[in-house]
Amino acid sequence: MRFVVLGGAGDMGNQAVRTLASQPGVSEVMVAELNLTAAQELAGELGDPVRACRVDATDHQALVETIRGYDVALGFVGPFVYFEGPQARAAIEAGVHYVSIADDYEAAREALALDDAAKKAGVAVLTGLGNCPGLTNLVAKKGALAMSQPRRIHIAWFGGADDAGGYANYRHAVHIFCGKVPSFRGGREVLVRSGSGKETVQFPPPCGRLPVYHTGHAEPVTIPGNIAGLETVTLKGGIWPAWLARAGILLERVGLVRGERSQRFWAATFHRLLPRLPRGKCTVSGFRVDVYGEQDGRQAHRWYTCVGRMKNITSIPAALGAVVLAQGEIAERGAFAPEAVIDPGPFLAKLEPLGVKVEEDEG
């Protein structure tokens with residue numbers, strides 16, 4: 001099996017490279033990066049089967065030629081609101097399967113709109129197979145399958161301020177707390193103000209109770225179309241420590257984080273300043289997914305939690321998704337969110353030996 005990881009030397013992508021390189025039957029993992037030095041350093045550290053090359057993700061033809069000939073391309077170049085579409089289109093043109101960790105809802109819409117093109121090319125595009133979205137979608141499906149009629153799905157995530165340090169992560173965090181974002185209520189998609197709807201969610205240790213708010217992720221856009229009968233799908237998120245989310249929401253409310261230029265400014269500011277704060281307390285991220293419905297005429301409730309380093313719980317699922325695609329375990333062709341084509345039980349079982357464990361409870 002041969003893989004090319006776009007942005008593979010970055011904060012998220014390098015863990016996918018490490019995971020792929022450790023899998024049996026993998027003959028090549030190409031780290032395709034704008035920063036060739038970083039790609040070469042990673043390849044030098046890991047040795048065979050890892051190699052390195054330079055590619056500019058804004059150069060469509062170069063991206064196509066870099067991807068061509070591999071079994072699966074993995075998209076780790078962010079922010080995905082700008083780069084998911086170009087990476088997916090390049091993979092389709094190259095005739096290569098594609099998996100990404102895209103988390104912006106706009107990116108999901110753009111990728112799913114490529115369904116016809118992917119089918120004609122005979123490839124599968126899996127958008128948003130990371131942590132949230134990704135694992136959150138799969139455990140939502142798992143909970144729904146355990147019920148005769150699922151009704152409501154509530155997804156909450158938290159990100160540790162000392163966990164993921166790449167600029168694209170800060171850019172994404174600023175973006176999803178701005179403007180209006182999709183939610184799903186009363187059986188239809190609605191727009192809600194990002195940063196609104198505050199509630200407190202109990203996450204596993206070491207985070208504990210944390211306030212979360214409506215944010216712009218992909219789950220309310222994709223899950224209702226793949227799980228029948230749902231009335232509600234909500235997505236809320238927060239940052240640990242909690243004051244960071246409050247500060248970001250306040251900046252947006254007073255008009256200081258509006259438009260692309262101001263979002264870039266604040267993302268760069270946070271990227272510079274936050275690593276200088278005292279570290280070591282907020283080094284994990286995670287999620288909680290609650291699924292409500294009916295089973296055998298009674299009310300049912302299942303919930304799922306996962307905590308770990310963001311690069312692990314985000315990048316390892318994408319790497320495993322690429323492996324099962326390359327092995328032919330996903331037969332469908334077209335553009336999909338993960339819950340549309342992945343059986344959650346076997347997939348989650350394969351993740352455990354790789355260090356990503358989801359806890360399940362029934363209440």
Any chance Val29 is touching a strand residue (DSSP E or B) at 6+ places or on another chain (Cβ under 7 Å) and either in contact (Cβ under 8 Å) with a residue 60 or more places away in the chain or outside any loop (DSSP other than H, G, I, E, B) (or both): yes
Residue in the stretch 235-244 that is part of a strand (DSSP E or B), at pLDDT 95 or above and of a type in the set (Val, Ile, Thr) present: no
Top-ranked residue in the stretch 311-339 [being charged (D, E, K, R) and surrounded by 21 or more Cβ atoms within 10 Å (Cβ to Cβ); ranked as nearest to Thr283 (Cα to Cα)]: Lys311
Selection status of Asp115, at pLDDT below 95 and surrounded by fewer than 24 Cβ atoms within 10 Å (Cβ to Cβ): no
Selection status of Val72, buried (at least 24 other Cβ atoms within 10 Å of the Cβ) and either assigned by TED's automatic domain parsing to the domain that holds Glu352 or among the acidic types (Asp, Glu) (or both): yes
Count of the stretch 258-291 residues which are outside any helix (DSSP H, G or I), surrounded by fewer than 20 Cβ atoms within 10 Å (Cβ to Cβ) and either among the acidic types (Asp, Glu) or modelled with pLDDT of 90 or more (or both): 0
Among residues of the stretch 78-111, those that are at pLDDT below 95 and hydrophobic (A, V, I, L, M, F, W, C), counted: 2
Which listed residue, of Ala73, Ala57, Ala88, Ala9, is in contact with a Phe, Trp or Tyr (Cβ under 7 Å, 6 or more places away or on another chain), in a loop (DSSP other than H, G, I, E, B) and closer than 21 Å to Thr314 by Cβ: Ala57
Among the residues listed as Ala335, Ala300, Ala326, the single one being modelled with pLDDT of 95 or more and over 20 Å from Lys141 (Cα atoms): Ala326
Selection within the stretch 227-248 - touching a strand residue (DSSP E or B) at 6+ places or on another chain (Cβ under 7 Å) and over 17 Å from Phe203 (Cβ atoms): Ile227, Gly229, Leu230, Glu231, Thr232, Val233
Filter result for Glu352 (under 19 Å from the mean Cα position of the chain (by Cα), surrounded by fewer than 17 Cβ atoms within 10 Å (Cβ to Cβ) and not in a loop (DSSP other than H, G, I, E, B)): yes
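Within the stretch 140-186, restricting attention to residues that are basic (Lys, Arg) and farther than 11 Å from His214 by Cα, which residue is modelled with the lowest pLDDT?
Among those that are basic (Lys, Arg) and farther than 11 Å from His214 by Cα, it is Arg171.
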Val29 crowded, with 24+ Cβ neighbours inside 10 Å, at pLDDT 95 or above and within 14 Å of Ser315 (Cα to Cα): no
Meets criteria (closer than 20 Å to Gly75 by Cα and within 16 Å of the chain's Cα centre (by Cα)) for Ile316: yes
Pair list, Cβ < 6 Å and 6+ apart or interchain, from the stretch 98-115 residues that are more than 11 Å from Phe80 (Cβ to Cβ) to residues that are surrounded by fewer than 24 Cβ atoms within 10 Å (Cβ to Cβ) and at pLDDT 95 or above: Asp115/Gly334
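The values are calculated or read from the model by the stated rules, or taken from the named source; none is laboratory data. Just so you know, these numbers come straight off a predicted model, no measurement behind them. Reconstructed Cβ throughout: ideal geometry from the backbone, glycine too, with neighbour counts over all protein chains shown.
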